[in-house]
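K.L.:
The structure under discussion is supplied below as structure tokens; questions concerning it will follow.
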Amino acid sequence: MKIIDINDPKDQLIIFEPLFSYGEYLYTVKMDHSSDKLILGTDKKLCFYDGFYKYNFLTKTLEHIHTSECISNYFYSHDQSKIYYETCERCEKNYYMTLFSIDLYTEKETKIITVETPIVGETNIFDVTGIIDPFELTEDYIAYLLDEVHDSDDRYSRFYKDNEYKLFIYDINKKKSYQLLNKKFCEHGFKEMIKFEINNKEYILLNSALYIEQDKHEYVFEYKRDNKITSSKRGEIDGLYLIEVDIFINEVKEGKSNFSYKEIESIDEKGTVRFIKRFGTKIYYKVDYFEKEFFEIVIYDINTEKYTRKKINDYYSLHKITNNGEFIYLYDKKNRQRIELRGEDWENRRELDTKERILGVLESTYLIVDEFIDKKRFCSIYDLNSLNLVDKYIGTGKVFEEENMIVIY
């Protein structure tokens, strides 16, 4: 187990959040918490991205990566060879969102695309705009999402069909965008897109959803029930869809409205579907049912197309699944404690003497926990079997299972 400590206990307002390791470097984004402004409706301070940095494993130093513009959002490629970032500029009644990429081998920056989105409202902190959410499909193609919100005043305006998500594929070489004509993937919202490779084939998994579980229950399920509305509303359908990357790109470019995809799961206003994690050929996801007293953890095997469904009482909340599905951690809301299930069928149950956030398990030997001790935050390492403390570090931590590494920051 490798432990990398990049935390500065003397300065808790500046944090270098770890992203991934590539070659001899750990890549991070600098988070500046020194602003006095608060997130709307909360007592939490706004945080700003203040540049990308790479940590050299050999010299144990942080090196700045140049960006020509300010960072408003970022993501990185599936193979972790590029970082992408967005910047935005306001001009009269519109915002212009520009996407850049940085090749991590050469650190060359490339401007990819600028997308215009309208300002539809204002708050005391920021403007309300349409959402642009880019994603790398391949080295030559980017997918991006436009959320065309036309009315920000009506509380329920986001349900109506005139406020639509539109998904585009952008050909970087030809500098041309193609719109996805099949609205099934994003008509009711778009949670995330995950790319992975299995058996030498690249797939994308699309999780279509608009709201967090609690908000969907209130704004869709209860609203339709109490107002006796039968017509479809935005955010009503949650879905999980699987499609090969090349097929997805070609069929969008060809303007097809019917797609060669696999619908893994979908649910109407009576519940939610949320992707959790992928281990090998197995996709783990959660299905909540608003009218039932349980939720399900579902495992879908891409090779066999078989489902394994595990019911869990809803007085538990799901916390984490680790180590290829070997461990699952729940929070018992009645007794206010963590529960560990382990084994192939999660048949072995153990109550943990901690209420703190579990970060992960390494080597099936060490339990990594984020906890507060005497009002200070620590990343603590426990023996998984005896639960004896092995070591602890000031700061929080991020567990990288594949690299067998913890980063303290």
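K.L.:
Just give me the residues in region 51-69 being among the charged types (D, E, K, R), within 25 Å of the chain's Cα centre (by Cα) and within 19 Å of Asp8 (Cα to Cα), in sequence order.
P.N.:
Kept after step one, since they are among the charged types (D, E, K, R), are these residues of region 51-69: 54, 60, 63, 69.
Adding the requirement that they be within 25 Å of the chain's Cα centre (by Cα) leaves 54, 69.
Passing the criteria: only Lys54.
K.L.:
Which numbered condition in (1) within 29 Å of Lys311 (Cα to Cα); (2) buried (at least 20 other Cβ atoms within 10 Å of the Cβ); (3) at pLDDT 90 or above is the only one that Tyr261 fails?
P.N.:
Exception for Tyr261: condition (2).
K.L.:
I'm trying to understand the selection: among the residues of region 194-213, which are assigned to a strand (DSSP E or B), surrounded by fewer than 20 Cβ atoms within 10 Å (Cβ to Cβ) and within 15 Å of the chain's Cα centre (by Cα)?
P.N.:
Ile194, Lys195, Phe196
K.L.:
Looking only at residues in region 171-193 that are more than 22 Å from the chain's Cα centre (by Cα), within 20 Å of Phe75 (Cβ to Cβ) and not hydrophobic (A, V, I, L, M, F, W, C), which one is modelled with the lowest pLDDT?
P.N.:
The residue in question is Ser177.
K.L.:
Any residue at all in region 379-387 that's of a type in the set (A, V, I, L, M, F, W, C), crowded, with 20+ Cβ neighbours inside 10 Å and assigned to a strand (DSSP E or B)?
P.N.:
yes
K.L.:
Given the conditions (1) polar (S, T, N, Q); (2) at pLDDT 80 or above; (3) within 23 Å of the chain's Cα centre (by Cα), report the number of the one that Thr129 does not fulfil.
P.N.:
With respect to (1) polar (S, T, N, Q); (2) at pLDDT 80 or above; (3) within 23 Å of the chain's Cα centre (by Cα), Thr129 is out only on (2).
K.L.:
Output yes when any residue across region 76-86 is at pLDDT below 90, outside any strand (DSSP E or B) and either out of contact with any His (no Cβ under 7 Å at 6 or more places or on another chain) or of a type outside the set (Ser, Thr, Tyr) (or both), and no when none is.
P.N.:
No, there is no match, as no residue in region 76-86 is at pLDDT below 90, outside any strand (DSSP E or B) and either out of contact with any His (no Cβ under 7 Å at 6 or more places or on another chain) or of a type outside the set (Ser, Thr, Tyr) (or both).
K.L.:
OK, next. For the subset of region 353-369 comprising residues that are in a strand (DSSP E or B) and touching an Asp or Glu at 6+ places or on another chain (Cβ under 6 Å), which member is surrounded by the fewest Cβ atoms within 10 Å (Cβ to Cβ)?
P.N.:
Across region 353-369, the extreme among qualifying residues is Arg357.
The values are calculated or read from the model by the stated rules, or taken from the named source; none is laboratory data. Model, not experiment: these values are computed from the prediction. Note: ideal-geometry Cβ built from the backbone for every residue, glycine included; neighbour counts use all protein chains shown.
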